[in-house]
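Asks: I am attaching a structure below and will ask some questions about it afterwards.
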Amino acid sequence: MGEFRKQSWEVDVVAPVAHSPAGNRKSFAGKAGKAFRSQAGPHGETIYRVPFLPHGRGHVWRLLDQCFSALWTVPVGMFTRRPDVVVVTVPSLPMLAAGYALARLRGVPLVLEMRDAWPDLARDARLVQGSVKSGFEIVADFVQRRADLVVTVTDGFADVLRRRGILNVATVSNGLHVSSLPALPAPPINREVLEVLYLGNHGESQKLETSIRASAMLGNRMHLHMVGSGSRKPALQKLARELAAPVTFHSSLHGQDVLDRYASADTCIVSLRDDWKSFETTIPSKTYEVLALGRHMTAMVLGEAARVVAEADAGDIVPNNPHSLAALWFELAEDRRRLVRTGTSRSWVQNHADYGVLSRRYMDLIRDLVS
């Protein structure tokens, strides 16, 4: 968004009032907005807010909230200035349908931005089951085939869509402003305890039980810090207590506190479960952050994410099972020279995943589409 605005592109955003799952808006410090009101965004864009339904963390309630907001998106979007193109961002599948309807009603091209491997991820997560196509899959396939451009964040998922006959596909990966993050100095070469950090969502996708079980095997040779929140956090805390694992759980951090936590770590975990096929074409967004900071990465990932870690010489790739992970951490504790990185990973991000590079690619795609 910021890069588009730097090129004087006019951007209107239709989005729900910012809120937590339970409906709390206090944490958004006056930036949540009000339903059916417009507000100026941080980069000069105009944000039009639609209402939401307070909900818990259950999949059904979350879907109802997304459907409710998506229904309001179409009429509100009809009263914005006429766009040259509509860009709809998924994983919210109801918003996918709303974006398609809005683009057709306004008579402009549709760019469908697939931030996750939907609908494949829904089947891996058992949100849909059985051999017959679900409503999720029918809607996603319908819109993907009719979008003027489908943008994925990985080459692997782009290839999956092309094999299904969807040819108007391009890849613009996740990324960051490399200049906004420091290159961290190497961790101390003499330290008795291996400091391991996980920072991110504590959910089903990450399979963080592996890290806790591995830490229990090493005991006082290491200390695992887990920062963030998610649906699995209470169960993970219970497991750590049962195993007497050397784990400290932290609330979500922001700003300088995040950088301080990275600086105190020897290695950073990037983890996805290995029994969901869609994760072979998924790269966790935190990967780019760790690469830019230059910290050693403990990577429990497959497919395209593993390729990025290897290309960037970012650390070690290990299977997502406790014994393999514990063996790696023991080796790192014994030979801390392996924790020292060369700067290759930061250079890789500058060349492949810096927002400046990515935004130019994205804007070229949109210009070609509109012209």
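Asks: Let me make sure I get this right: for segment 180-231, a, b and c are the square roots of the gyration tensor eigenvalues over alpha carbons, sorted descending. Under 1.5 in a/c it's rounded, otherwise prolate if a/b > b/c, else oblate. Which is it? Present the calculation step by step, with values, prior to reporting the outcome.
Replies: Values: a/c = 3.32, a/b = 1.18, b/c = 2.81.
Since a/c reaches 1.5 but b/c is at least a/b, the shape of segment 180-231 is classed as oblate.
Asks: Where does each of Phe330, Phe157 land when they are ordered by accessible area, with a 1.4 Å probe and the largest first?
Replies: Details: Phe330 100, Phe157 10 Å².
Final ranking, largest accessible area leading: Phe330, Phe157.
Asks: Specify the angular offset, from 0 to 90 degrees and rounded to the nearest 10, of the alpha carbon long axis of helix 322-334 from the longest principal axis of the alpha carbons in the chain.
Replies: With rounding to tens, the tilt is 60 degrees.
Asks: Determine the order of Phe36, Phe68, Phe142 by accessible area, beginning with the largest, at a probe radius of 1.4 Å. Please list the in-between numbers first.
Replies: Numbers: Phe36 115, Phe68 65, Phe142 85 Å².
So the residues, ranked largest to smallest area, are Phe36, Phe142, Phe68.
Asks: Using Cα centres only, tell me the gap between segment 205-240 and segment 307-356 in whole Å.
Replies: Spelled out, the Cα-based centre of one part sits 20 Å from the other.
Asks: Evaluated at 4 °C with a viscosity of 1.567 mPa s, what Stokes-Einstein diffusion coefficient in µm²/s does segment 132-287 have when Rh comes from the Kirkwood expression over alpha-carbon pairs?
Replies: Details: Rh = 18.3 Å.
For these conditions, the coefficient is 71 µm²/s.
Asks: Loop sites only, by DSSP: take the trypsin sites (Lys or Arg not before Pro) in the chain that have at most 10 other C-beta atoms within 10 Å and name the longest stretch containing none of them. Let's see the in-between values first.
Replies: Values: sites that count: Arg37, Arg81, Arg126.
Longest gap between qualifying sites, sites excluded: 127-371.
Asks: Here's something else I'd like to know. Could you compute Rg(Cα) / (2.2 N^0.38 Å) for segment 204-343, with N its residue count? Let's see the in-between values first.
Replies: Values: Rg = 14.3 Å, N = 140, 2.2 N^0.38 = 14.4 Å.
Against the compact-globule rule of thumb, the ratio is 0.99.
Asks: Here's something else I'd like to know. Given the DSSP H assignment, sum -39500 (n - 2.57) over each helix run of at least 4 residues in the chain and divide by its residue total; what's the result at 222 nm in deg cm²/dmol, nearest 500?
Replies: Numbers: 14 runs with 150 residues, N = 371.
Helix-only estimate at 222 nm: -12000 deg cm²/dmol.
Asks: OK, next. Hey, what angle do you get for helix 135-146 against the long axis of the chain, alpha-carbon based, 0 to 90 degrees rounded to 10?
Replies: The helix 135-146 is inclined about 70 degrees to the chain.
Asks: Determine the shape class of segment 72-115: with a ≥ b ≥ c the square roots of the Cα gyration tensor eigenvalues, call it rounded for a/c under 1.5, and otherwise prolate if a/b is greater than b/c, oblate otherwise. Write down the numbers at each step before the final one.
Replies: On the way: a/c = 2.14, a/b = 1.41, b/c = 1.52.
Cα axes put segment 72-115 in the oblate bin.
Asks: Relative to the first principal axis of the alpha-carbon coordinates of the chain, what is the inclination of helix 233-243, with its axis defined by its Cα atoms, in degrees from 0 to 90 and to the nearest 10?
Replies: The helix 233-243 is inclined about 10 degrees to the chain.
Asks: Checking the table Lys233/Lys286; Lys207/Lys238; Lys6/Lys34 against a 25 Å threshold on Cα-Cα, which pairs fail?
Replies: Numbers: Lys233/Lys286 18 Å; Lys207/Lys238 15 Å; Lys6/Lys34 27 Å.
Violating the 25 Å limit, Cα to Cα: Lys6/Lys34.
Asks: Which value, in debye to the nearest 20, describes the size of the charge dipole of segment 315-371 about its Cα centre when Lys and Arg Cβ atoms bear +1, Asp and Glu Cβ atoms bear -1, and nothing else is charged?
Replies: Details: 8 positive and 7 negative charges, 44 e Å.
Using only the charged Cβ atoms, the result is roughly 220 debye.
Asks: Using r as the Cβ-Cβ distance of Ser252 and Ser371, and R0 as 35 Å, what FRET efficiency do you calculate, to the nearest 0.05?
Replies: Computed FRET efficiency for Ser252 and Ser371: 0.25.
Asks: At 1.4 Å probe size, what's the solvent-accessible area of Ile189? Round to the nearest 10 Å².
Replies: The value for Ile189 is about 80 Å².
The values are calculated or read from the model by the stated rules, or taken from the named source; none is laboratory data. Note that the structure is predicted; figures quoted are calculated from it, not measured. All Cβ positions, even for glycine, are placed from backbone atoms using ideal geometry, and neighbour counts span all protein chains on display. Only protein heavy atoms, including side chains, enter the accessible area calculation; ligands, DNA and RNA are left aside. Shrake-Rupley method; radii C 1.70, N 1.55, O 1.52, S 1.80 Å.
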